[in-house]
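The values are calculated or read from the model by the stated rules, or taken from the named source; none is laboratory data. A quick note: this is a predicted structure, and the numbers were derived from the prediction, not measured. Cβ coordinates were reconstructed from backbone atoms using ideal geometry, including for glycine residues, and neighbour counts include every protein chain displayed.
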Amino acid sequence: MKLLLTSALFILSLTASAQQNAASDKIPSGWTKVYRDNKMGYIDETGMEIIPPVYDSIGDFGEYCTDMAIVTKNGLIGLIDTDGNEMVRVQYEMIAKTDKFKVGWIMVMKDKLYGYIDCSGDEIVKPIYSKIEELNNTPTPAN
C-alpha cells in the first residue's frame, strides 16, 4: 500500500511538473529541448531534429511574432520560426517587444544604434539612431 501511494504521488508530481514546463515554455506540442556542447535546440516526438542545437538560448514561440522565437548566439539576437529557419538573422544586440512601439514593428539595436524591423526581418527603419523614443500605437489620422 505504501509503495502504491508513493508511486501515485511520484506520477502526480511528474504530471504537474510536465504541465508547468509546457505552460511556461510555449513550445510546439511534442517538442523536447535538447543540448549539445552547451547549445540548445529541439527535437520532435519521433526524435527528428527540428531546430539544431546551435543557439545559446531559445525564447518562447509567439512572444514577439506569431510562430517565432527569439534566439541568442554568441551574444547576438535573432528570430527563428517553428521550422528552425532564421527569419531575422542573428545580428542584433537587442530586440524589444512589439507592443511598446508601432504595431508590427520591433525595435532593434545594432552597433549601439537603434532602428525597427518587422516580423519578416525587413528593416523598416535602419539602425542608425542613437536614441528612439517610444511611439504611440494609435494610428495618426490623415488630414
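Identify, from the list 51, 77, the residue that is more than 12 Å from the chain's Cα centre (by Cα) and crowded, with 17+ Cβ neighbours inside 10 Å.
When all the criteria are applied, what remains is 51.
Anything in the range 67-99 that is farther than 17 Å from residue 31 by Cα, in contact (Cβ under 8 Å) with a residue 24 or more places away in the chain and assigned to a loop (DSSP other than H, G, I, E, B)? List them, or say none.
97
Quick one: which residue in 66, 82, 72 is out of contact with any Lys or Arg (no Cβ under 6 Å at 6 or more places or on another chain) and either modelled with pLDDT of 95 or more or on the phi > 0 side of the Ramachandran plot (or both)?
72
Can you give me the number of residues within the range 119-133 that are under 22 Å from the mean Cα position of the chain (by Cα) and modelled with pLDDT under 90?
Of the residues in the range 119-133, 3 are under 22 Å from the mean Cα position of the chain (by Cα) and modelled with pLDDT under 90.
What residue, among those in the range 109-124 that are outside any loop (DSSP other than H, G, I, E, B) and among the hydroxyl-bearing types (Ser, Thr, Tyr), is surrounded by the most Cβ atoms within 10 Å (Cβ to Cβ)?
116
Within the range 11-43, count every residue that is of a type in the set (A, V, I, L, M) and modelled with pLDDT of 50 or more.
The total comes to 4.
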